[in-house]
1. Every residue in region B:107-153 that is within 17 Å of the chain's Cα centre (by Cα) and more than 17 Å from B:Lys67 (Cβ to Cβ), please.
2. So is B:Phe98 in a helix (DSSP H, G or I), within 14 Å of another protein chain (Cβ to nearest Cβ), buried (at least 23 other Cβ atoms within 10 Å of the Cβ) and at pLDDT 95 or above or not?
3. Exactly one of these conditions fails for B:Ala170: (1) in a loop (DSSP other than H, G, I, E, B); (2) in contact (Cβ under 8 Å) with a residue 40 or more places away in the chain. Give me its number.
4. Residues that are out of contact with any Cys (no Cβ under 6 Å at 6 or more places or on another chain), away from chain B (no Cβ under 11 Å) and among the small types (Gly, Ala, Ser), at least 1 per element: which strands (runs of 3 or more DSSP E) completely within region A:1-60 meet that?
5. Which of the numbered conditions does A:Ser48 fail, given that it passes all the others? Conditions: (1) of a type outside the set (Asp, Glu); (2) at negative phi; (3) under 19 Å from the mean Cα position of the chain (by Cα).
6. Which condition does B:Gly278 not pass, out of (1) closer than 26 Å to A:Val96 by Cα; (2) more than 14 Å from chain A (Cβ to nearest Cβ); (3) under 19 Å from the mean Cα position of the chain (by Cα); (4) not aliphatic (A, V, I, L, M), if it passes all the others?
7. How many residues are touching a strand residue (DSSP E or B) at 6+ places or on another chain (Cβ under 9 Å) and either aromatic (Phe, Trp, Tyr) or free of Cβ contacts under 8 Å to residues at least 12 places away in the same chain (or both) if we restrict to region B:78-122?
8. Quick one: count up the residues across region B:47-95 that are more than 16 Å from B:Asn144 (Cβ to Cβ), at the interface with chain A (Cβ under 9 Å from one of its Cβ atoms) and under 17 Å from the mean Cα position of the chain (by Cα).
Amino acid sequence: MAPVQVRGEVLSLRRLGDYHALTLVAPGVADTARPGQFVALAVGGDDSSMLLRRAFSIYKVQQRGVYGGTVEVVFAVHGRGTAWLSRLQAHDQVDVVGPLGRPFALPLEPVSAVLVGGGYGSAPLFSLAEQLRARGSRVDFVIGASTESRLFGALEAKRMSTQVAITTEDGSLGERGRVTDVLPSLMRRAGSEVVYACGPMGMLQAVSELATAHGAVSQCAVEESMACGVGVCMTCVLPVVGDDGVTRMVRSCTEGPVFAGDRVRWADVGTVPADTWGAPAGGQA
Amino acid sequence: MTRMRITTRTAGEAELPAVDMSTDLAGAALPSPVLTASGCAAAGRELDQFMDVAALGAVVTKSIMLKPRSGRPTPRMAETPSGMLNSIGLQGPGIDAFLEHDLAWLRNRGARAIVSIAGGTVEEFTKLAQRLRNVDGVTAVEVNISCPNVEDRGQVFACAAAPASAVVAAVRRATAPGIPVLAKLSPDVTDIVEIAQSVVAAGADGLSMINTLLGMAIDTDTMRPALAGVTGGLSGPAIRPVAVRCVWQVHQALPDVPILGMGGIRTGLDALEFVLAGASAVSVGTAVFNDPSAPARIARELQRALGDRGFQRFSDAVGYAHRTEPEA
């Protein structure tokens, strides 16, 4: 599980709808990567004025092959850092740190699992689906986005699952609405016992609550903004309830990005709840 | 399975020139002049995956307080040109857990630890220093006086000579003789030399400089402050000229006082600027977020830069830019 820092080289960069998929030759990252883990990329080159690493969940890895180990990530252009990534060309160099973070927990016995992805949040779910199926689990997918061009991996999901439900908020593909509109009926039909999800915080909160209401456990990969990705900067924290019932501000890069959905205090993300360990008002401090 | 530790920045992997890189920081003998910076390396463990932390001059640990502390709400960070703002709020486990887990790990790992302490009152600083007094593995104590003084309307200790000196004197008294006490100075003062002189008079064995500058960014989409804490500390290469100036001024006024220099160091040449200005050692902070093996890389680059300039000993370069003799 130990991450490595390598000078990656761009193998390919392709457009997928509104997204970009970047494949880097990054020896050592693929060897230990597990579904749900991420890589942290330095952007802008060695003299960049952008110091903070950009974290992306791992879409695919290839351990061997003509080019050595490769890692592929999916991103949307949001700011200057991702704009720089979108202009990379073959053979350009990118400093890669990974694989980082805690992966999705895999069930010990075969289960019925539903994988829910919002936007390009579905990227880490396909390698997860492969592993679940290899262990004899049933896999269903719910893929959603605001509009068709922002769906990621709908075809791939169809290939890998028993059932797939697609939603778009504008109805341009699949059912009009959100993933949570179709999730309950799919869970009932499939007898889902585990929900895996990755996407925006609001979606994760809703999916986690639905899972609990249906007696299923959930594993949610969060997207918190990070500065370092390796656990030293303390910026990517969110309130999470521990085994001892105590809420702590934990790092999503090291304790996450995958959390048990019922442990995250979703409604309190962005705050420090008063009963948090060490909170200024009340608490244990 | 074998674990590879792949070094990436191998350009210049050629033999390094023979330069004695050992240094003396206020009585602490360090094998390397390059250290981590408080708040940018946790307690070393995470970074040990990417470089050998025992080979660094020391790991300067994240400021620790008496009690566990949750820190501030998010967002805690905003990227700025060649820098960043942070408003973490000193999140940490408290001194007991720090001693049991973090310091113990550093000791077992064979790494030198400079323990940064933070408090809201002189009494808290005193208690922290007392807790460190009979503990093995403390190479030096760094006093983070850039904390709000709860007994003075939250005014930061570091911003006036009297409260800064009061904290330093108390920590010096409570710390074992022979363990250096470094006072970490804020650049947000009118005359940093005045503060430096007063904390040295109060017993500081050395000075760490500089802490972050107070800054602010506004998110133009939400049209609100970018940080939940509104203001934050600015760090990174953007502040390097301010830091070099501070080191220069203090070294000029107090040439015998050892300085641990920091503020935006990203390369060996950046580190060399601080050394030439008068720093006996340097800390690498924000650059670690960009490159988690930066301190090890910077140590190599600094050694090469010194060798290229004809230095056989690191210590000969300390304050070299202040020389007055004419060029040969």
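The values are calculated or read from the model by the stated rules, or taken from the named source; none is laboratory data. This one's a predicted model, so the numbers in the text were calculated from it and none came from an experiment. Positions of Cβ are backbone-derived with ideal geometry, glycine not excepted, and every protein chain shown enters the neighbour counts.
1. Result: B:Ala111, B:Arg112, B:Ala113, B:Ile114, B:Val138, B:Thr139, B:Ala140, B:Val141, B:Glu142, B:Val143, B:Ile145, B:Ser146.
2. Details: in a helix (DSSP H, G or I): yes; within 14 Å of another protein chain (Cβ to nearest Cβ): yes; buried (at least 23 other Cβ atoms within 10 Å of the Cβ): yes; at pLDDT 95 or above: yes.
It is true that B:Phe98 is in a helix (DSSP H, G or I), within 14 Å of another protein chain (Cβ to nearest Cβ), buried (at least 23 other Cβ atoms within 10 Å of the Cβ) and at pLDDT 95 or above.
3. So B:Ala170 meets the others, but not (1).
4. Values: elements: A:4-16, A:19-25, A:38-41.
So the answer is A:4-16, A:19-25.
5. Here A:Ser48 meets the rest and fails (3).
6. Tallying (1) closer than 26 Å to A:Val96 by Cα; (2) more than 14 Å from chain A (Cβ to nearest Cβ); (3) under 19 Å from the mean Cα position of the chain (by Cα); (4) not aliphatic (A, V, I, L, M), B:Gly278 fails exactly one: (1).
7. Residues meeting the conditions: 2.
8. Counting residues in region B:47-95 that are more than 16 Å from B:Asn144 (Cβ to Cβ), at the interface with chain A (Cβ under 9 Å from one of its Cβ atoms) and under 17 Å from the mean Cα position of the chain (by Cα) gives 3.
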